[in-house]
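Some notes on the structure that comes next.
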Amino acid sequence: MKQISLDQMEGIIWHNKELIANVDAKAHLLNYTLQYGYGVFEGIRFYNGKIFKLEEHIDRLIASALMINIEMPYSKQEIMKACVDVIDKQKLINGYLRPFIWLGADNWMIASQNIVNITIAGVEREGEYYSDITLKNAMSLKTSKWRKASHESLPVQSKATGLYLMNTIYKKEAIAANYDDCLLLDYRGYVAESSTSNIFFIFDNELHTPIADCFLNGITRQTIIDLAKKRNIKVVERHILPEEILQAQGVFLTGTAMEVTSVKQIDNQYFTIDELTKILANDYYNLVHDII
Ligand code: PMP
């Protein structure tokens, strides 16, 4: 898909209670968030005009802001309504929403007082469904040399913009080595996640996933755990060592953008697509598309 530069994109954007033309959405070049990475954001999908898990995403947005001491100028209800307006006013059907909380350029000194802004963009992304589980769409992962920090070092459950410096580095290094993405271990050496998605393994027809104690406990991750439990599939959240991956029947990633995406390779080890992955990807597809 051809990427359109954001400043050339048509349509409207919600900014501090107003819907404005996207081309007019400008900020000062030295705004606080651009300089110091001090902001928070969300990535949300909508399907057939309906936002998936809107309330959960806005709860996380507000929690992310509180975790790094950003005072929210708008209520949860106002932000949720704004997300709906961005879609409705542009008649978007299937796509992606990006609420973004950022600080202005009132004062550029570190830890200074700045106006808190909320901007919400929405784009149509027709036909881009990853849950189409085929080997062609499966990803290759390279174990990163970087380790995820402990929750005592970073606010790991906050979708804070500054933390995505590392996610960018992780993914770029994997791509430079001809892989699609990275596999991250945590500071203790346990398997953690990928650059912007959580990871699941299938061992003996059970679903195993790392405990989300030093990485984002994804909304898709929680949804997949619920879907598996509904099918009476045993779910085990535990610390997983990288050497255990050798025994896995299957591996997949979860995230709002990538939905359920199977993994065909981790370093020099190859995987086929496990039946359980197909079942859960299908359940997820049906859930987001309201198919009972
Ligand atoms: N981990 C990281 C670092 C992410 O950026 C994301 C995407 N938000 C996820 C996991 C998956 O989270 P979710 O399922 O809520 O999109």
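The values are calculated or read from the model by the stated rules, or taken from the named source; none is laboratory data. What you see is a predicted model; the values in this text were computed from it and never measured. Here the Cβ positions follow ideal geometry from the backbone for every residue, glycine too, while neighbour counts run over all protein chains shown. Calculation scope for accessible area: heavy atoms of the full protein, side chains included, ligands and nucleic acids excluded. Shrake-Rupley method; radii C 1.70, N 1.55, O 1.52, S 1.80 Å.
Annotations for the structure displayed:
- Net charge over other residues, Cβ less than 13 angstrom from the Cβ of F215 (K, R count +1; D, E count -1): +1
- Compared with the alpha-carbon gap, the fully stretched path from V236 to D267 is longer by 8.7 nm at 0.36 nm per residue.
- Here the calculated FRET efficiency for T143 and K76, from their Cβ-Cβ distance with R0 = 45 Å, stands at 0.70, rounded to the nearest 0.05.
- Potential extension, V84-E56 segment - 0.36 nm per residue separation minus Cα distance: 8.6 nm
- If both residues of a DSSP beta bridge must be in the chain, then about 80% of such bridges are antiparallel.
- Per-residue ³J(HN,Hα) for region 59-66, Karplus 6.51 cos²θ - 1.76 cosθ + 1.60, θ = phi - 60°, Hz, x for Gly and Pro: 4, 5, 4, 5, 5, 4, 5, 4
- Extension gain (nm, one decimal) between N107 and N167, 0.36 nm per residue minus Cα-Cα: 18.8 nm
- Gyration tensor verdict on region 117-216 (Cα atoms; rounded if a/c is under 1.5, prolate if a/b is larger than b/c, oblate otherwise): rounded
- Take every Cα pair under 8 Å whose residues are at least 6 apart in sequence, average their separation, divide by the length of the chain, and the relative contact order is 18 percent.
- Placing a pseudo-label 7 Å from each Cα along the Cα-to-Cβ vector at D204 and A176 gives an inter-label distance of 4.2 nm.
- Cα long-axis angle, helix 219-230 against the chain (0 to 90 degrees, to the nearest 10): 40 degrees
- Our note on the geometry: Cα centres of region 183-233 and region 22-66, 24 Å apart.
- If a spin label sat at a point 7 angstrom from the Cα of I68 along the line to its beta carbon, the backbone N atoms of region 148-181 nearer than 17 Å would be those of 149-170.
- For K234, the accessible surface of its heavy atoms amounts to roughly 120 Å² (probe 1.4 Å, protein chains only, rounded to the nearest 10).
- 5 angstrom amide H check on L183, placed H, neighbours 5+ away: K142, T143, S144
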